[in-house]
Structures are given as C-alpha cells and as structure tokens.
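Reviewing the structure listed below.
The values are calculated or read from the model by the stated rules, or taken from the named source; none is laboratory data. Treat the numbers as computed from the prediction; the structure is a model and nothing was measured. Because the Cβ atoms are built from the backbone with ideal geometry, glycine has one as well, and the counts that use them run over all protein chains shown. Side chains are part of the model used for accessible areas, which takes the heavy atoms of the whole protein and leaves out ligands, DNA and RNA. Shrake-Rupley method; radii C 1.70, N 1.55, O 1.52, S 1.80 Å.
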Amino acid sequence: MKDIFENRPRLFWIFHTSGWILLALMMGIIQLFKFTYSFRSTFLYFLTYFIGFCLTLGLRYFYRYIYSRTRSVVSILFIIIISSLIVNTIWEPIDVLVSQFFWTPEELAEQLKRIRSLTLYEYYKSNLIWFMFIMVWSTLYFGLINWFDQAEQRIKTEQALRLANQAQLRMLRYQINPHFLFNSLNSIKALTYENPDQAVLMLTELSEFLRSTLRFCDSIYIPVREEIEMIEKYLSIEKIRFEERLNYEINYDFRVMEREILCFITQPLIENAIKHGLSASPEGIELKIDFSESGDKLAIEITNTGNYQKETESDGMGLKNITERLDNAYGDRYVFRIYDESGRVKARLLIPGGK
C-alpha cells in the first residue's frame, strides 16, 4: 500500500490517459453508424479528445492548488462547476482553431458559418455532453485525491500507533529485566556465605544468560525456540540456587518452534511459579512448562505444585506488566489466566501464532 502512495503521479497518468482513451473509443463505437470514417476524419475525431485530455491536464494543476487551500465540499463543488463551464466554453474554439489546418476551405467556411449562427444557449446546449464529461472528470479527481489522502493519513496514524506500542513494549520489557537481575544477584549473595563454589557457578551461569539476552536487546518478538533456550538458561540458574527443591521439565510441539512470541514473556511467569510454589511447599516443587498448538493459537502452560496465593504488591505489578505487554502486542486476541487445578497452579496463555 505504501508503494501506491509513493507513485501517485504515475497513477494519475495511468488513470488520466486510459480514461480518455476509453471514453474516445466508447463514443466512437456509439457514433459508428452515424458517420463515414476515413483516416482524416478519424484523426480529427481523436484530436478533439486529445484537446480534452490536455485541458483536463491543466485543470489537474489548478485543482491541486485549490485542494491545498480548501477542503470545503461546497467551495470545491462551486469551483468544479465554474471550471467545467470555462473548459466547456473554450474546448470547441480550440478544437476549431487546431482542426482548421486539416480542413478544406469549404469545410472551414461551413464550420465558421455554423458557429456564427449559434446563439449562446444553442452553443452550450450542443456542447452539454462535454460539460458533463468535465464535471465527471473533476468529481473523480477530487474524490480520488481525497480518498488517497485519507487512506495515507490512516496508514500514518497506524504506523505512529504501532511505533508507540513498540516503544511501550520495550519499556515494559526493560522493567522486567532489572527485576530478574535483582533477584538473581540476591541469590548469589546468599550463596556466597552458604556455598561459595555454587555462588561462582551461578554467577557464571548468570553471565552466560545475560550474554544470550543481548542478542535480543532490541527485539520485541522472537521465535519460540529462542524463548525456550532463554528459559532453559534461566532455570539452570534457579536449579543451582534451589538444588533438589526444584524439579522441572519443558515440553514443546516442534510445529510451534518457529512461531513468534513476545520476547521474555514467560520468564516472569516461571519466576512467580517458583516463588509461590516454594512458599506453599518449602520442601520442593515440580514445575512443568508446555508449548503447544491450540487451534490457530500458540498455547503456553506453566504448572507448579501448590495452591494459588493472592499476589503481593510486587507480584501484582509483575502480572500487570505482563498484561500490559500482551494488551499492546495482541489487543483482545489473547487469553491469560492463572487458576488452581487438581492441587496445582496453572498459568495458561493463548496468543496468536505470529505478530
């Protein structure tokens, strides 16, 4: 669509030229049985339409100037009527002036005699069809240029909204990253006193994880396979921290691996699942993460043992952040729920399979 607006002058020439050619051919077919055609008469016939072609071409530049000054329907309609009347008035004299070079002296004398005998009323009556042609051409011109402007404005507005949404999505994502980093560093700090070797290992894993996220620092959407890789790195860090208290598995359908997903949308859900799961069951939890198809949508389920607990203020902000990201990215085309099911807590997310 963008290419169409960039080639508006070219489109004008295509519509303008093809329109006049079709009009001339159509009128020629209508008059086919009324006149005897020769090469000269055919040339003079098309010459008349070529003059109309040139006159309306001049109107284009005048109308473009008017359109840049006013968008009033009443004013434009008045200008169309007056302009059509003026063009209709000068069309036949110009046609006669040019065509005389191809007439015999007898034909020229006959034409001049005919024109002199016409009253003003008869002149405009005999040329009414040309007046109607110019009116239609003018109306189509203003209608099309207005349609193009409105469509172009809608596209620009949509682009502005999309850029604004992308900016907000990046901002919301950057709110998640420091939160995760803060929790990880606190864990490393605790391990420094309890198990220095594990603290070093966790710091190494964290460095690797952060290095991998740099690949997507400016990405809003990434393939599911990349999201899963980052989840695995994140869980390897949490596994060092909680050891046997955390057991997890990640399942996925190979058909969804190349689908696009909001970058890092699952990590805060997994973080909440671990936090609340261990709070309800300090002895340990089982965590399961599934990526699958559900109709035409991508289904993500994060299940942990325990019971669903009311969010604290910080948890609520995290879920609010996730919801805002989903709202900006998918509008009303997603489903997000957290609920209890058979002694387990399940976070279920259904999103479109692409951007």
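Structure above, values below:
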quantity: Protection proxy ranking, peptides 114-122, 66-74, average beta carbon neighbours within 10 Å, highest first; calculated: 66-74, 114-122
quantity: Centre separation in Å (Cα based) which lies between the stretch 249-266 and the stretch 185-229; calculated: 19
quantity: Cα→Cβ-extended label distance, 7 Å offset, between Asp197 and Asp149, nm; calculated: 7.7
quantity: Gyration tensor (alpha-carbon) shape descriptor, the stretch 46-165, a/c threshold 1.5; calculated: prolate
quantity: Portion, in percent, of the accessible area of the stretch 17-118 that falls on carbon or sulfur, probe 1.4 Å; calculated: 74
quantity: Using a Förster distance of 25 Å, the FRET efficiency for Asn307-Tyr252 (Cβ separation, nearest 0.05); calculated: 0.40
quantity: Förster radius 51 Å - calculated FRET efficiency between Lys189 and Phe15 (Cβ-Cβ, nearest 0.05); calculated: 0.10
quantity: Gain in span if fully extended, Glu106 to Leu57, counting 0.36 nm per residue against the direct Cα distance; calculated: 14.4 nm
